[in-house]
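Asks: Dropping the structure in here first, questions after.
Derivation of every value follows stated rules applied to the coordinates shown; laboratory data play no part. Just so it is clear, the model here is predicted, and its values are computed rather than measured. Don't worry about glycine lacking a Cβ; one is built from the backbone with ideal geometry, like all the others, and counts go over all protein chains shown.
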Amino acid sequence: MNKRNLKEEFIKNYSPCLVGKTVTNPKVSIIVPCYNVEEYLEECISSLLKQTLKDIEIILINDGSNDLTPDILTSFSEIDKRIVLINQENKGVSNARNNGLTVAKGEYITFLDSDDWIDNDYIEKLYDAITRNSCDTAVSDMIRKRPNSNKYRLHFVEEKIYTNLNDKIKVTRVPACCYLCGKLFKKELINNFKFKENVYFEDMLLLPEVLKKSDKLVTVPNTNYYYRVNKNSIVKKAQSPKKQLDSYRAHKYIVKFFKENNLTLSNKSQRITKYIKYFLNIPVLKTKEYQNKLITYLFGFLPVKVKKIPDNLKYKNIKKFFFIRNLDSHFYIELFKFLKISFKNNDKFNYIETKTFGLEKNTRTPKLIVSLTSFPDRIKTIHITINTLLNQTVKPDKIILWLADSQFKNKENDLPESLLKLKDSGLEIKWFEDIRSYKKLIPALIEFPDDIIVTADDDLYYQKDWLESLYSSYLKNPDCIHTRRACGINLKDNELKVTPHYANNNYKSTYLNQLMGGAGTLYPPHSLYKDVLNIDEIKTLIPTHDDIYFWIMAILNHTKIKLIKNKDVNLYTIKDSQNSGLCKIQSTSGMPPRVAFKKILDKYPEAYNLLEEETMVYNEH
């Protein structure tokens, strides 16, 4: 169906209710954001064209739709002069509503979702009630429409005026029915507010405030707003992490609003869902917050305490089918081995910006150097990591940030002020060629071959005793590489088996600890094989697995790895720092770890032989 056919069809179907002249001073402006609703849009607009009150303005906002929606909107706008069409890039329903408010000329404003519709006398009845009673808000009945059922969400049996905030909240059923739709507002009232953009549940953040500012609210019976339960709508789509977070924040706001205004909120509404984890679209785990406490429910009703299960016979069988682990600001849950899910917990890092010089002032030999690297996507948040490195209980002699000059064409002129000001506290910024995450160690080895290098990642908070734990372990055993986290390695039937770091408790000095640099790794002077500086090989062999490469270089140099016992093994990631990085590369275009292991062991078979010998000794004991 092309645009011309649409227009002709609409003229034929709606000719009796079309208006051929612009309404100069409309009584009501109807604002309708539209995004990819070709299936329902005609029904929505036709209910507006058929309104018995003709002095209306219909503001249709095409929010960057990529289906037939723009053609439908254009065709309708060409056949009825009351329609104002706005085309914009996709910026969300709040932005579209705000744009509609800026052009609205009506004395009163109402909102309609583009997959909903209203009774033919809806506008007239609300307008009559709001003007006759000198109110600034009118509320209609609201019917939830499902394919096989109808249900009133709001239903009034009489026209009645409310002035008390508690009464207005109750009659509109906030927070259960926090909808701006289904209501008519005096323009002077609604123009005092703006929809918060780039969030879900925007109505929940606005309606309570509107009701609070509204002097008089009138209920209007026997006129209906039809709310369609659309499985493809923004609200009904699967709960993304952002949607879960926005929902949590919106409900937190509701709790705060009720408390500040001395309103009664049910216990059910105070139990705020913070996280939901799905398996095959089934909500398996729900974590709810109630009076600042978190409770996790299995399948939504069975409370689960998140703690380590005692390792005794009574719980032995339970551990086989149900296991919970607290790790890296996440809870990891395993059910019957086949279901493995994780969600963030409520741990927070006590972050403090450095106020003093963060380096050791006395001479130390060899020097203790903290080295890290970053790239443009994380450069705006790396100052947070470096602040934690400058606040250590054991001060390093140097903290060096290595950056690729090819990624920052104007050198320090491309760096944020939040980072540059840390130079006053001891940070050094140096430049090297782009060898990805290898930059955190290779250039430091070249420039400081006789010193201790400790590597850190650019997306983490580090505890105050982080460097102290590594350095203390080194002083006790200076011939080993020391790491705060390592996978366990075992060779069985000529196959390399990897034990996850959280299950590895091998605290002996051994080749079988495959170091993981993110948690922090200390390299004594000359602890790595000479090929570690072969940059051409790094670029071609396993370019995205520096930890595996450094581990093999240690084995070839006959340097064992010491896993230190940590008081806190959790890693605290900086907000918004996980949108990019090696983990993203490896999960898409990069090579999986098993491939990296195979490639480097094929290149260096002597490392495989040393691992095999170490495995035999380990298994004997």
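Asks: Counting only DSSP beta bridges with both residues in the chain, tell me the antiparallel percent, nearest 5.
Replies: 60
Asks: Would you be so kind as to identify which of LEU512, LEU126, LEU85 lies farthest towards the positive end of the dipole of the chain, taking Lys and Arg as +1 and Asp and Glu as -1 on Cβ and the Cα centre as origin?
Replies: Going by the Cα projections, it comes out as LEU126.
Asks: Over the chain, what is the relative contact order in whole percent, taking alpha-carbon pairs under 8 Å and six or more residues apart?
Replies: Relative contact order of the chain: 8 percent.
Asks: Also, I was wondering about something else. Using just the helices of the chain, give the 222 nm mean residue ellipticity in deg cm²/dmol: DSSP H runs with n ≥ 4 each add -39,500 (n - 2.57), and the total is spread over all residues, rounded to 500.
Replies: After summing the helix terms and dividing by the residues of the chain, the value is -9000 deg cm²/dmol.
Asks: Sticking with this structure for a sec: If you look at just the Cα atoms of the range 123-171, how large are its Rg and its Dmax in Å?
Replies: Rg then Dmax for the range 123-171, in Å: 12.9, 39.
Asks: Further question on the same structure: Search the structure for amide H atoms under 5 Å from the amide H of TYR572, placed 1.01 Å from N in the peptide plane, and list their residues when 5 or more places away or on another chain.
Replies: Answer set, sorted by chain and number: TYR461.
Asks: In whole Hz and in residue order, list the ³J(HN,Hα) couplings for the range 120-137 that follow from phi through the Karplus curve 6.51 cos²θ - 1.76 cosθ + 1.60, θ = phi - 60°; x for Gly and Pro.
Replies: Those phi angles translate into 5, 9, 4, 5, 4, 5, 5, 5, 4, 5, 6, 7, 5, 9, 6, 9, 10, 9 Hz.
Asks: Also, I was wondering about something else. Compute the distance from the alpha-carbon center of the range 495-551 to that of the range 6-21, in whole Å.
Replies: First find each Cα centre; the distance between them is then 72 Å.
Asks: Could you point to the residue in ILE452, ILE435, TYR474 farthest towards the positive end of the range 423-581's charge dipole, with +1 and -1 charges on the Cβ of Lys/Arg and Asp/Glu respectively?
Replies: TYR474
Asks: Working from Cα positions, state the angle (0 to 90°, nearest 10) between the long axis of helix 202-213 and the longest principal axis of the chain.
Replies: Rounded to the nearest ten degrees, it is 50.
Asks: If you don't mind, there's one more thing I want to ask. For the range 357-431, just list the percent of Cα-Cα distances falling in each 5 Å bin from zero outward, please.
Replies: Per 5 Å bin, starting at 0, the Cα pair percentages come out as 3, 16, 29, 24, 14, 9, 5, 0.
Asks: Relative to the longest principal Cα axis of the chain, at what angle does helix 69-79 sit, 0 to 90 degrees, rounded to 10?
Replies: That helix lies at roughly 20 degrees to the long axis.
Asks: Find the relative contact order for the range 3-228 and round it to a whole percent, using C-alpha pairs within less than 8 Å whose residues are 6+ positions apart.
Replies: So the answer I get is 24 percent.
Asks: Spelling out what I want: for every residue of the range 21-28, take phi, set θ = phi - 60°, compute 6.51 cos²θ - 1.76 cosθ + 1.60 (Karplus), and round to whole Hz; glycine and proline get x.
Replies: 10, 5, 8, 5, 10, x, 6, 9
Asks: While we're looking at this one, here's another question. Calculate the length of the line joining the C-alpha centroid of the range 117-172 to that of the range 418-491, in whole Å.
Replies: 64
Asks: In the range 368-620, what percentage of the DSSP-assigned beta bridges are antiparallel, given to the nearest 5?
Replies: 50
Asks: Put a dot 7 Å past each Cα toward the Cβ at THR363 and LYS508; how far apart are the dots in nm?
Replies: Reported label-point gap for LYS508 and THR363 is 4.1 nm.
Asks: Going by amide H atoms built from the backbone, whose H comes under 5 Å of the H on GLU38, apart from near neighbours?
Replies: LEU68, THR69
Asks: Also: Hey, any idea what Rg/Rh is for the range 368-620, computing Rh the Kirkwood way over Cα pairs?
Replies: In the range 368-620, Rg relative to Rh is 0.95.
Asks: Now, a different point. When only C-alpha pairs under 8 Å and at least 6 residues apart count, what is the relative contact order of the range 30-105, in percent?
Replies: Normalised by residue count, the contact order of the range 30-105 is 38 percent.
Asks: How would you rank 369-376, 286-293, highest first, on the average number of other Cβ atoms within 10 Å across their residues?
Replies: Going by the mean number of other Cβ atoms within 10 Å, highest first, we get 369-376, 286-293.
Asks: From the convex hull of the Cα coordinates of the range 3-228, what is the mean projected area in square nanometres?
Replies: One quarter of the hull surface, i.e. the mean projection, equals 11.8 nm².
Asks: Amide H neighbours of TYR227 under 5 Å, counting only residues 5+ apart in sequence or on other chains, H built in-plane at 1.01 Å?
Replies: Those lying under 5 Å, H to H, from TYR227 are ILE143, ARG144, LYS145.
Asks: Tilt of helix 3-14 relative to the longest C-alpha principal axis of the chain, in degrees (0 to 90, nearest 10)?
Replies: 40
Asks: Between their Cα atoms, which of LYS91/LYS421; LYS168/LYS256; LYS170/LYS288 are more than 26 Å away from each other?
Replies: Pairs exceeding the cut-off: LYS91/LYS421.
Asks: Run through all the Cα pairs of the chain and give the fraction in each 10 Å bin from 0, expressed as whole percent.
Replies: 3, 13, 19, 17, 15, 14, 11, 6, 2, 0
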